[in-house]
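Chemist: Shown below is the structure under consideration.
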Amino acid sequence: MEFIRSIRKRHQTQRQADIQKQAEEIITVEDFDDSLFIAYNGTPFVPIENEWTTKEIIQQLSMLRKNYVNAKMKQNGFGQITAVV
């Protein structure tokens with residue numbers, strides 16, 4: 001039983017890392033019509049306000065990427081992650 005749990009945990013960890021990498025590649029900051037946006041697959045989605053600091057932009061990116069990873073993990077039958085990789 002422990003062997004199976006170990007394999008499942010390793011698979012879950014690897015899958016989470018793969019999805020996290022995918023999230024970083026598809027959820028990005030893009031320039032569109034002279035404004036910055038958080039984009040999904042290059043499509044402007046969330047406008048970045050002029051008064052946002054770099055830290056606030058990073059927090060928004062992290063939150064959206066974490067939500068993406070959690071949703072994908074759930075779709076694959078795994079639980080939510082506890083921390084962003």
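The values are calculated or read from the model by the stated rules, or taken from the named source; none is laboratory data. Worth saying up front: this structure is predicted, and the values here are computed from it rather than measured. Every residue, glycine as well, gets a Cβ built from its backbone with ideal geometry; the counts of neighbours run over all protein chains shown.
Chemist: Under 8 Å by Cβ, and 6 or more places apart or on different chains, what pairs join a residue from segment 32-49 that is in contact (Cβ under 8 Å) with a residue 24 or more places away in the chain with one that is in a strand (DSSP E or B) and among the β-branched types (Val, Ile, Thr)?
Modeler: Hits for this filter: Ile38/Ile27; Ile38/Thr28; Ile38/Val29; Ile38/Val46.
Chemist: Count, please, the residues in segment 38-65 that happen to be among the hydrophobic types (A, V, I, L, M, F, W, C) and over 29 Å from Asn76 (Cα atoms).
Modeler: Looking only at that region, the number is 2.
Chemist: Applying the selection to segment 4-27, what residues are more than 14 Å from Lys66 (Cβ to Cβ) and surrounded by 15 or more Cβ atoms within 10 Å (Cβ to Cβ)?
Modeler: Listed by number, the residues that qualify are Gln12, Arg15.
Chemist: Output the number of the condition that Val29 fails; it satisfies all remaining conditions of (1) within 15 Å of the chain's Cα centre (by Cα); (2) not in a strand (DSSP E or B).
Modeler: Condition (2) is where Val29 drops out.
Chemist: Considering only segment 32-62, how many residues are assigned to a helix (DSSP H, G or I) and either surrounded by 12 or more Cβ atoms within 10 Å (Cβ to Cβ) or basic (Lys, Arg) (or both)?
Modeler: Going through segment 32-62 one residue at a time, the tally reaches 8.
Chemist: A further question on this structure: Since Gln12 meets every condition but one in (1) part of a helix (DSSP H, G or I); (2) touching a helix residue (DSSP H, G or I) at 6+ places or on another chain (Cβ under 9 Å); (3) at pLDDT 95 or above, which condition does it not meet?
Modeler: Among (1) part of a helix (DSSP H, G or I); (2) touching a helix residue (DSSP H, G or I) at 6+ places or on another chain (Cβ under 9 Å); (3) at pLDDT 95 or above, Gln12 violates only (3).
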